[in-house]
1. Carbon and sulfur together cover what percent of the accessible area of the chain at a 1.4 Å probe radius?
2. How long are the semi-axes of the ellipsoid equivalent to the chain, from square roots of 5 times the Cα gyration tensor eigenvalues, in whole Å, largest first?
3. Quick check: convex hull over the Cα atoms of the stretch 143-245, volume per residue in Å³, rounded to an integer?
4. Ignoring ligands and nucleic acids, what accessible area does TRP27 show with a 1.4 Å probe (Å², nearest 10)?
5. Rounded to the nearest whole Å², what accessible area per residue is found for the chain with the 1.4 Å probe?
6. For the Cα atoms of the chain, what angle does the longest principal axis make with the long axis of helix 100-111, in degrees from 0 to 90, nearest 10?
Amino acid sequence: MAAGIERAKKSQQAGVKPSFKRRLVKWTMGICAAVVLTPVLLTILYTVVNPVSTLMLGRYLSGETVERKFRPLSDISTNLQRAVVVSEDSQYCQHEGIDWLAIKAQLDNLFEGEKPRGASTITMQLAKNLFLWNDRDYARKALEAPLALLLDMVLSKRRIFEIYLNTVEWGEGVFGIEAATQKYFGKSAESLSKTQASLLATALPNPVIRNPSRPGSGHRRLASINRSRTQVAGTVLDCLNKPKQ
């Protein structure tokens, strides 16, 4: 009798373990599917819905202030558009989300013992803003690439750039070009001068430190270089008026 009870217990235990393992596999697969599908579904949604960045969302949840007013690209000065493309991603209209030549150059620098500089395109920066965290590490950079390819596949160049200009940080709690121009110059984003546009564009690498309305000497020098380059940048905005193929 005792032997029969012991065999029954072992049989029940043997049945429980595989059942738990199956549930664990299902949960794991479900989590992985959600991680993969969420950016896809959100990207499709962002063709018509104006998103917030993860940094903005974090500030909302922590009760911190967020200044942002979404403006369509048609209401944003072309001076600013040109200045940002020249400053942040001069090959924006040529690549498909990733500038492979720039990445190769930075990898070569890394292998040669030099400190690599950023090779993020505007699309990669938007991927970070919408889906990832802000810390600079290789894990985040590795995730940026497939997300940038997804954004470029689903959204038009115009929509990517429009969302970027409306979600990028331009100061503590200041997001998007309209909030930035109102804060720093007391005017709308559609009426920026070339000098103001260059000051705003060159503030982006250090938006909390660099103040476009009170630029330091180094910031003024960068803005002057940017303005000169925009004069000879040619058709860097051509792709913004082309429909998604």
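1. Numbers: 8240 of 14080 Å².
Carbon with sulfur: 59 percent of the solvent-accessible area.
2. Details: eigenvalues 419, 82, 66 Å².
Each semi-axis is √(5λ); the values are 46, 20, 18 Å.
3. Working: hull volume 12.5 nm³, N = 103.
Taking the convex hull of the Cα positions in the stretch 143-245, it is 121 Å³ per residue.
4. Accessible surface of TRP27 is approximately 140 Å².
5. Numbers: 14080 Å² over 245 residues.
Per-residue accessible area for the chain comes out at 57 Å².
6. Once rounded, one gets 80 degrees.
The values are calculated or read from the model by the stated rules, or taken from the named source; none is laboratory data. Model, not experiment: these values are computed from the prediction. These accessible areas exclude ligands, DNA and RNA; they are computed on the full protein's heavy atoms, side chains included. Shrake-Rupley method; radii C 1.70, N 1.55, O 1.52, S 1.80 Å.
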